[in-house]
Amino acid sequence: MAMRNLDVADLILVAAAAGVAADPDDVARDSDIGLLSLIAEQSARAGTIVAAAAETLVGIAAGRPFPSANAAAAWLATAHFLALNRSIADLSEPDVVALVRETAAGRLDERDVAAALDRGIRRRTGRLGQVARFLFAAKGCMTNVQMLHWRCPACGGEIVIPGFPGGWMNRPTAHERTAICAKQNHTHDRTGISRDGAELGDPLVALSREVDRLRSLLVTQ
């Protein structure tokens, strides 16, 4: 499957979402369009999803093409790009904050960022893959089911998932844990957005929940 890329308009919309509901027209007027074009071109030329994500993160965090919120926009654009390509960065919040801060400070280049992302990037499991994983884990051990306790990556709440100990495919993904927490604890929706009146349905709003959690820790550039 061909890699899906972000163009300049996509990057501006991401920056508007990262800038606490900034107006995209205002962001576009005050942004370095030439640098954004270069970031989009370099990401599109990258040979892998990891390399393209690194180009995007470094280009925005270190290049600072937007008038504000470049650090938050860098991570949101990276997460949005990965989601478009059926991938997620399963990294802890401290790891993400450190990665973006070090990149913004010029201490990490594209190769460093690609190596850091590569340790956490996972392909999202489609419906067929979920069925295959269940069948693989369940085969021969239906009498050995245990109730395994996990933490939701969105809210930190405890969830309980039936599992089969010892299976290498048994670990639920961050997205799966978030969706299960939504059903068990009812504190947020399946994407991790709080149920306190948040607008649902917009993929950028869904992705910006990560920025909401990290904004207080990231230095606005």
Practice problem: Spot the failing condition for ALA18; the list is (1) modelled with pLDDT under 90; (2) farther than 17 Å from ALA79 by Cβ, and only one is missed. | Solution: (2)
Exercise. With a cut-off of at least 2 residues that are over 16 Å from the mean Cα position of the chain (by Cα), name the helices (runs of 4 or more DSSP H) lying wholly within the range 1-97.
Key: 8-18, 24-30, 33-45, 49-63
Quiz item: Out of the residues in the range 164-178 that are surrounded by fewer than 18 Cβ atoms within 10 Å (Cβ to Cβ) and more than 18 Å from ASP90 (Cα to Cα), which is modelled with the lowest pLDDT?
Solution: GLY167
Quiz prompt | Filter result for VAL58 (in contact (Cβ under 8 Å) with a residue 24 or more places away in the chain, closer than 18 Å to THR103 by Cα and touching a Ser or Thr at 6+ places or on another chain (Cβ under 6 Å)) | solution = yes
Self-check item: Cβ pairs under 6 Å, 6+ apart, first in the range 176-193 and closer than 21 Å to ARG86 by Cβ, second modelled with pLDDT under 80 and of a type in the set (Lys, Arg)
Solution: ALA179/ARG190; ALA182/ARG190; GLY192/ARG209; ILE193/ARG209
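The values are calculated or read from the model by the stated rules, or taken from the named source; none is laboratory data. Quantities reported herein were computed from a predicted structural model and do not represent experimental measurements. Note that each Cβ is placed from the backbone with ideal geometry, even for glycine, and that neighbours are counted across all protein chains shown.
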